1. Determine, yes or no, whether Gly144 is at positive phi and either open to solvent by less than 10 Å² (accessible area, probe 1.4 Å) or over 14 Å from the mean Cα position of the chain (by Cα) (or both).
2. Please identify the pairs in which a residue from the range 283-299 that is within 11 Å of Thr311 (Cβ to Cβ) and aliphatic (A, V, I, L, M) has its Cβ atom under 8 Å from the Cβ atom of a residue that is outside any strand (DSSP E or B) and at pLDDT 95 or above, counting only partners at least 6 apart or on another chain.
3. Might you let me know whether the range 302-314 holds any residue that is open to solvent by 40 Å² or more (accessible area, probe 1.4 Å), assigned to a strand (DSSP E or B) and closer than 21 Å to Ser224 by Cα?
4. Can Tyr52 be described as open to solvent by 80 Å² or more (accessible area, probe 1.4 Å) and aromatic (Phe, Trp, Tyr)?
5. Scan the range 261-282 for residues that are within 26 Å of Asp304 (Cα to Cα) and either acidic (Asp, Glu) or not in a helix (DSSP H, G or I) (or both) and jot them down.
6. Residue under question is Ala66, and the condition is that it be modelled with pLDDT of 95 or more and surrounded by 22 or more Cβ atoms within 10 Å (Cβ to Cβ); does it hold?
7. Take Tyr260 and decide whether it is within 28 Å of the chain's Cα centre (by Cα), crowded, with 16+ Cβ neighbours inside 10 Å and either on the phi > 0 side of the Ramachandran plot or of a type in the set (Ser, Thr, Tyr) (or both).
8. Being touching a Lys or Arg at 6+ places or on another chain (Cβ under 9 Å) and closer than 30 Å to Lys122 by Cβ, is that true of even one residue in the range 242-261?
Amino acid sequence: MKNLAYLLALILCFSAACHGQESQKTPVRSSRKNVAILIFNGVQIIDFTGPYEVFGQAGYNVFTIAENKDAITTHMKLDVLPKYDFTHHPEVDIMVVPGGGAPHKLDKDDPTIQWISHTSEKADYILSVCNGVFLLASADLLHGREVTTYAPMINHITMYAPDTKPIYDKRFVQSGNIITAGGLSAGIDASLHVVSLDKGSGRAREVANNMEYNWDQNSRYVRSQLADMLLANVLDFNPPLFNREVIRYEGDTTYWICHYKVTRNESLKEFYTQFEQGATMYQWKKEEEKLGDHSIISKWRFTDFNDRNWTCETQFSDDEDSGKFNLLIDLQSQ
């Protein structure tokens, strides 16, 4: 009997050891749905933390995942330790692919693209935020779908996914089980939408209120529809206007007025010429120009991608501070 008891004890110990090893290899499946949020070096903070907060508040089992478990550094230099890596993580019900410092195109044998492709096969929902949509494009997940992304990049989508339909007038877009969101805070709205699909709009509203977030289910705020988006390309100076003081910046979908005080190394005429070249490149038509020693005033007309007509009056002038210029822009729809 003593030998039998000893043998049973050995069997139990061996079984417990094997179970412990197995639990290290395969994470235990949670009774809650699993939300895997991809992170990588250069990831935009709110792109992944916004959805993390929404799904966490809604009661999901949320975790971060990266190619390996080394610390990653976000776009704004926050260091984050991933919970899991690509080879060891729970099953994924909802996959979140944020944006940030990721290229628009990755090869199909890239580990991140392989993980997205494999994981998407069983996921209930796939959500991209900002330029994370380009990672979905690299994984061949967007064929024939309506999609959106960060406002200045929407017109880039068809360069990498030619048979998609870019959507300019929505904060996020659902096409099948794939939801693509605009940039940054748009990921919060899209995540709440996924919660509403899975748990009902009442639960999503409850989560939004608990976050003290004004969730607009009709998505009336759409960044790409604001008039200042039409200025992005023509204000693409070299060097960029990073070193600027913003005196005024306001408008809506029908007008935009801005006033910058900028530091430049070139002359006033050279500064204006850069704008003139950009405006001409994007088919703005000059109607009027007044060249002075200390100011240059011009008036332009153009038609945007929605066939709306616009006028734009600009004034480039010397500032009292040496080496600085004033740039005033008055954009109006017609």
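The values are calculated or read from the model by the stated rules, or taken from the named source; none is laboratory data. Because the structure is predicted, anything quoted here is derived from the model rather than measured. Neighbour counts are summed over all protein chains in view; Cβ atoms, including those assigned to glycine, are modelled from backbone coordinates with ideal geometry. Side chains are part of the model used for accessible areas, which takes the heavy atoms of the whole protein and leaves out ligands, DNA and RNA. Shrake-Rupley method; radii C 1.70, N 1.55, O 1.52, S 1.80 Å.
1. Numbers: at positive phi: yes; either open to solvent by less than 10 Å² (accessible area, probe 1.4 Å) or over 14 Å from the mean Cα position of the chain (by Cα) (or both): yes.
Against the criterion (at positive phi and either open to solvent by less than 10 Å² (accessible area, probe 1.4 Å) or over 14 Å from the mean Cα position of the chain (by Cα) (or both)), Gly144 qualifies.
2. none
3. So far as the range 302-314 goes, yes, one or more of its residues are open to solvent by 40 Å² or more (accessible area, probe 1.4 Å), assigned to a strand (DSSP E or B) and closer than 21 Å to Ser224 by Cα.
4. Spelling it out, Tyr52 is indeed open to solvent by 80 Å² or more (accessible area, probe 1.4 Å) and aromatic (Phe, Trp, Tyr).
5. Scanning the range 261-282 gives Glu276, Tyr282.
6. Details: modelled with pLDDT of 95 or more: yes; surrounded by 22 or more Cβ atoms within 10 Å (Cβ to Cβ): yes.
Taking the combined requirement at face value, the residue satisfies it.
7. Yes: the conditions hold for Tyr260.
8. no
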